[in-house]
Every structure is written in structure tokens, then in C-alpha cells.
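See below for the structure under consideration.
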Amino acid sequence: MAIRGGLFISFEGIDGVGKSTQADLMEQYLEGRGFSVLRTLEPGGTELGQEIRHLLLHRKGEVSARSEALLYAADRAHHVASKISPALAAGNVVITDRFLDSSVAYQGAGRELDLTEVRNLSLWAVNNLLPDLTVLLDLEAELAAKRRVQTGQEPDRLEREKIEFFEAARNSYLELAKAEPKRFFVVDANQEPSAIWSQIQRRLDEVLESKEL
């Protein structure tokens, strides 16, 4: 099933809130209803993006704050041009784990760069493309940190940041949601995954009903 103009959905939140789990559930739900779904992520949603992801998250040594912001913008520009925009033009549903709001929260608030400049950089990179729906999974930074430890995975460069970094990012996300209440859907991530998904599904159905199918 195609949607005129496609449908663009992003999942946001600090590391450890359960974005991947909810994106999985959304993908399964939409495919079960007959929609064509493109599932992707940032950074690393393309072959070039995988190389940028390695530079950002796994390369040894420091990356300056402005360099980090520019690398994310470069990844996002290529991601949109080569993958997201073509899928939307074909009438598909695109689900991405992170989009430009992550840069505002992480590089803007977390790295203490100018939030407006970071956002404008990303908007320029994506030719002003914004999601139709942004699901923000909100969780206290300390709880998210405990979840990250429980996975047993080696943390990447960003995941090793101090708790204050994630608190700043979380607060920035909440401010973004206040500024754009029609696009953002904020969900308390300190619930069972099924309860979280139930809320997201209701909001998703409302968005689908508003689109011309």
C-alpha cells in the first residue's frame, strides 16, 4: 500500500530508551497492514553513512564538537538524498532511528554549541525535510544509563559521555517537543514495551487517517 507523498517517522531519545524495540514493533505493524516500509537509522543508514558512523562513534581519539556536528550533517544529507527522499517519493513509509533532532540535542545541548546554528545546518543538509511524526521516548538519564549497562555491549564514544551530557540532551529534546507539539509525540519510556507501543500505535493510526491513502 502506498501513501501519497509517503510518510516519514523518526524515533528520538537519549541512548537506552528503547527506540529500536519500538521501531521494530512499528515496522511489523505497518507491514502487517500492507504498507511498504523502509527502516533506516542515523548515522549509518547508507554505505557512506557506515564509514561516517565509524568515524563518529568508533574512531580512536577526540573529535571536536563542530567537526562532529558537520559529520552528522554530511551523513544526514547523503541519507536523505540517496535513501529517504526516493522512498517517500515512491509512497513508502520511512522509519528512521534518529534524525536532525538528535543533532540539536546531542551536538547542540550536549556539546554546548548554538542550538539554532546546529538545527539550521541540519535543515540545510536535508533541504528542510522534517518527519511527519517524531516519537520521543523520554527517560531519566540515570535510568537510561542503567539500561545501557545491562545490554552488555561495549559502549561507543557517545555512550561513554557523563550523565550530565545525557541530561542536557534529554532536556533539549523536551524543549523541542514543546516547540513542535504537532510533530512530536512524547511517551514515558519507563513502562513495559507493550504499554509504550500501545500509545504509539494509537497516535500512528491518527496520523495514517490524516494522510490520503
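Values in this text are rule-based calculations from the coordinates and carry no lab data. The shown structure was predicted, so the numbers you read here are calculated from the model rather than taken from an experiment. All Cβ positions, glycine included, derive from the backbone under ideal geometry; neighbour counts span all protein chains shown.
Under a Gaussian network description of the chain, with springs only between Cα atoms under 10 Å, the residue in Arg202, Arg148, Arg170 that fluctuates furthest is Arg202. Would you look at the GNM of the chain, springs on alpha carbons closer than 10 Å, and say which of Tyr173, Tyr29, Tyr72 moves the most? The residue that fluctuates most here is Tyr29. Placing +1 on each Lys and Arg Cβ and -1 on each Asp and Glu Cβ, with no other charges, gives the chain a dipole about its Cα centre of roughly 300 debye.
Each label was represented as a point 7 Å from its Cα along the Cα-to-Cβ direction; for Asp205 and Thr151 these points are 3.1 nm apart. Modelled label positions at Arg4 and Ala77, each set 7 Å beyond Cα in the direction of Cβ, lie 3.3 nm from each other. Annotation for Ala195 and Glu47: the two label points, set 7 Å from Cα along the Cα-Cβ direction, are 4.6 nm apart.
Once C-alpha pairs closer than 8 Å and six or more residues apart are averaged by separation and normalised to the residue number of the chain, the relative contact order reads 32 percent. Determine which residues of region 168-204 fall in the zone a paramagnetic label at Gln28 would reach in this model, i.e. backbone nitrogen under 17 Å from the point 7 Å along Cα→Cβ. Of the residues in region 168-204, 192-202 have backbone N under 17 Å from the label point off Gln28. Determine the shape class of region 93-213: with a ≥ b ≥ c the square roots of the Cα gyration tensor eigenvalues, call it rounded for a/c under 1.5, and otherwise prolate if a/b is greater than b/c, oblate otherwise. Oblate shape, in that a/c is at least 1.5 and b/c is the bigger or equal ratio.
I'd like the distance between the alpha-carbon centres of region 17-66 and region 153-181, rounded to an integer number of Å. So the separation of the two Cα centres works out to 16 Å. According to the Cα-based calculation, Rg over Rh for the chain is 0.94, with Rh computed by the Kirkwood formula.
Between Asn120 and Ile163, the FRET efficiency from the beta-carbon distance, with R0 = 30 Å, is close to 0.55.
Above 16 Å, the calculated P(r) of region 37-151 contains 63 percent of its Cα-Cα pairs.
Using the Cβ of Gln199 as centre and a radius below 14 Å, the other residues enclosed give a net charge of -3, where K and R count +1 and D and E count -1.
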